[in-house]
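Okay, so here's the structure we're looking at.
The values are calculated or read from the model by the stated rules, or taken from the named source; none is laboratory data. Values in this document were obtained by computation on a predicted structure and should not be read as measured data. Every residue, glycine among them, receives a Cβ derived from its backbone with ideal geometry; neighbour counts consider all protein chains shown.
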Amino acid sequence: MSRASSKRGGENAASEVIQRFPELEYVPDTDAQHYDARVSELLCPSTALPFVGICLLEVDTVVEIKSTMVVYGSAQSRGGFYLRRKQHQRLVNEAGVYLFVVCEPRPSRPLIAAKVVPATSVGGIVSSWIDGGDRADYAQITWGRIFDENEVGRPSP
């Protein structure tokens with residue numbers, strides 16, 4: 001998947017998340033480059049959107065939406081989330097959260113599973129940051145680090 005199509009897929013997933021959960025409001029990149037949404041009214045966990053380590057999201061909590069395909073490539077490998085180090089640190093500093101989403105590969109990428117995790121907790125999942133050279137430092141984590149197999153409803157690749 002090319003970088004452009006990956007970005008488009010992420011934007012489509014973020015759009016679907018914001019439509020599905022009306023307590024979230026979209027925040028354009030011109031207003032905030034390190035998160036996609038903000039909580040506009042109290043958001044509580046549900047079967048459709050479980051939370052890890054927190055009981056609710058208050059108004060104005062910043063939310064970075066990260067999506068991946070359930071599988072990719074001819075080997076049908078597990079999809080992974082791409083985290084940028086500076087963005088992650090800003091989310092931690094602002095007590096923000098990640099909203100992780102696993103999607104079908106094609107054609108419209110409907111959501112399979114979603115979960116909210118505090119940015120402070122995600123730092124414990126990242127084993128190391130990769131030097132991006134002329135790009136931002138980053139880390140990649142497979143969806144299996146965030147979701148149980150039964151939440152995604154797919155067998156192991």
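What number of residues in the stretch 1-14 are surrounded by fewer than 16 Cβ atoms within 10 Å (Cβ to Cβ) and either charged (D, E, K, R) or modelled with pLDDT under 75 (or both)?
Here is the first cut: in the stretch 1-14, the ones surrounded by fewer than 16 Cβ atoms within 10 Å (Cβ to Cβ) are 1-8, 11-12.
Those left that are additionally either charged (D, E, K, R) or modelled with pLDDT under 75 (or both): 1-8, 11.
Residues in the stretch 1-14 being surrounded by fewer than 16 Cβ atoms within 10 Å (Cβ to Cβ) and either charged (D, E, K, R) or modelled with pLDDT under 75 (or both): 9 in total.
Name the single residue, out of those in the stretch 15-69 being touching a Gly at 6+ places or on another chain (Cβ under 7 Å), surrounded by 22 or more Cβ atoms within 10 Å (Cβ to Cβ) and not hydroxyl-bearing (Ser, Thr, Tyr), that is modelled with the lowest pLDDT.
Checking each candidate, the answer is Met69.
Would you check which residues across the stretch 38-56 are over 16 Å from Asn93 (Cα atoms) and either in a strand (DSSP E or B) or free of Cβ contacts under 8 Å to residues at least 60 places away in the same chain (or both) and list them?
Of the residues in the stretch 38-56, the ones over 16 Å from Asn93 (Cα atoms) are 39-56.
Of everything in the stretch 38-56, those that are over 16 Å from Asn93 (Cα atoms) and either in a strand (DSSP E or B) or free of Cβ contacts under 8 Å to residues at least 60 places away in the same chain (or both) turn out to be Val39, Ser40, Glu41, Leu42, Leu43, Cys44, Ser46, Thr47, Phe51, Cys55, Leu56.
Exactly one condition in (1) surrounded by fewer than 14 Cβ atoms within 10 Å (Cβ to Cβ); (2) part of a helix (DSSP H, G or I); (3) in contact (Cβ under 8 Å) with a residue 60 or more places away in the chain is not met by Gly144; state its number.
Checking Gly144 against (1) surrounded by fewer than 14 Cβ atoms within 10 Å (Cβ to Cβ); (2) part of a helix (DSSP H, G or I); (3) in contact (Cβ under 8 Å) with a residue 60 or more places away in the chain, the one that fails is (1).
Of all the residues that make up the stretch 80-95, how many are under 12 Å from the mean Cα position of the chain (by Cα) and small (Gly, Ala, Ser)?
1
Would you mind finding the one in Gly79, Gly96, Gly123 that is over 17 Å from Thr68 (Cβ atoms) and crowded, with 19+ Cβ neighbours inside 10 Å?
One residue alone meets the criteria, Gly96.
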